[in-house]
Amino acid sequence: MSGRYHRPDRIFTGKSRKLKELMLKSDNRTCADCGGPDPKWASANIGVFLCLKCSDVHRSLGPDISKVLSITLDEWEDPDIDSMVEVGGNSYANSIYEAFLPQGYKKPRPDASVEERTNFIRSKYELQEFLKPSLRIVSNKMSFRQYDSVNSTKSIGASPSMKKLEEDTREFVGTLNVKVIKGTNLAVRDIRSSDPYVVLNLGHQKVQTTVKQSDLNPVWDEMFKLKVPQHYGPLKLQVYDHDFFSADDIMGEAEVDLQPMVTSALAFGDPSVFGDMQIGKWFKTNDNALIRDSTVNIVDGKIKQEVSLKLQNVESGDLDLELEWVSLEE
């Protein structure tokens, strides 16, 4: 065995600390391709963490398709770290590269044969069989998000209202219709019940539902329009108990990661030309509030996403939302 494999784990300092923090997220503690535990390798340009066996297959694809680096043995350059951080790790990459995984398709397990592992990885990254054909990466040196950004700009440039859209996209990339549907088993903050309402925050925008009197299972069915900034963060929500004579009590909070919705919407463009289909997914992990995986779908020519959340920092309570994407052209 080469002497390099006896090097001690390198110390994470400066920018590389971001890589370590990313690696510690729960969805990055298993291999993106086979689910093997404690991955020590990564594909820097794709943005996924890998086990040793899958990293060997990635390496055989060549660096133009997958640039494989050891988390602990290799020296990482800043652009490679930036690429990993920008993608966000396994769940984000898989929401793109596995968005069209056929129903019932079985991914390789940690004990899979070399042949099974190789066939899946080649199909996923080299042949890109689980992406829509028009979204396939035209240059293997580009990550999906780079490709998406370039093509989004091209589509804007081709629009008849180019000047107006270019001005709009300097600040916003689209509009999000957020429907607050209902709460379930919310926490008690009065003697026997609560008077709940929901506050939504996105960037500098803040909206609020009506108050539901003495109701732990309220149904709102209220819609709100929020502009999605070019440099967007999560959609933040908080549930409060309304009080007349004192400060309103918090009844839980949660965040909605908008990246799967925004990335899918910008990549597909006009959804009215497509039939009903799944185009993206936000995966449930231990680091988010999802009750179950949340898919992004084209339904009747609209891009929609149903989200069920377990409220955080509270003893009980779920919240159901529906998101709908509206492009700047509409």
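If you take the residues in segment 275-285 that are hydrophobic (A, V, I, L, M, F, W, C) and touching a helix residue (DSSP H, G or I) at 6+ places or on another chain (Cβ under 7 Å), which one is surrounded by the fewest Cβ atoms within 10 Å (Cβ to Cβ)? Ranking the candidates gives Phe283 first.
Where strands (runs of 3 or more DSSP E) fall entirely within segment 173-232, those with at least 3 residues that are touching a residue at least 12 places away in the same chain (Cβ under 8 Å) and touching a Ser or Thr at 6+ places or on another chain (Cβ under 7 Å) are at 219-229. The listed residues are Ser95, Ser83, Ser113, Ser70, and the only one of them that is hydroxyl-bearing (Ser, Thr, Tyr) and open to solvent by 50 Å² or more (accessible area, probe 1.4 Å) turns out to be Ser113. Among the residues of segment 239-276, the ones that are in contact (Cβ under 8 Å) with a residue 60 or more places away in the chain and at negative phi come to 18 in all. Could you tell me whether segment 142-154 includes any residue that is closer than 20 Å to Ser55 by Cβ, at pLDDT below 95 and under 23 Å from the mean Cα position of the chain (by Cα)? Looking through segment 142-154, at least one residue is closer than 20 Å to Ser55 by Cβ, at pLDDT below 95 and under 23 Å from the mean Cα position of the chain (by Cα). Residues that are modelled with pLDDT of 95 or more and not in a strand (DSSP E or B) were ranked within segment 316-330; the one that is farthest from Lys236 (Cα to Cα) is Ser316. Within segment 201-236, the residues that satisfy the criterion of being within 18 Å of Glu171 (Cβ to Cβ) and open to solvent by less than 80 Å² (accessible area, probe 1.4 Å) are Asn201, Leu202, Gly203, Gln205, Leu226, Val228, Pro229, Tyr232, Gly233, Leu235. The residues of segment 286-315 that are closer than 27 Å to Leu24 by Cα, part of a loop (DSSP other than H, G, I, E, B) and open to solvent by less than 30 Å² (accessible area, probe 1.4 Å), listed by number, are Ala289, Leu311.
What about Val239, is it in a strand (DSSP E or B) and open to solvent by less than 70 Å² (accessible area, probe 1.4 Å)? Yes, satisfied. For segment 42-60, the criterion of being under 26 Å from Ala289 (Cα atoms), of a type outside the set (Phe, Trp, Tyr) and open to solvent by 70 Å² or more (accessible area, probe 1.4 Å) is met by no residue.
The values are calculated or read from the model by the stated rules, or taken from the named source; none is laboratory data. Note that the coordinates shown come from a computational prediction; the quantities given were computed from them, not determined experimentally. Every residue, glycine among them, receives a Cβ derived from its backbone with ideal geometry; neighbour counts consider all protein chains shown. To get the accessible areas, we keep the full protein, side chains included, count just its heavy atoms, and leave off ligands, DNA and RNA. Shrake-Rupley method; radii C 1.70, N 1.55, O 1.52, S 1.80 Å.
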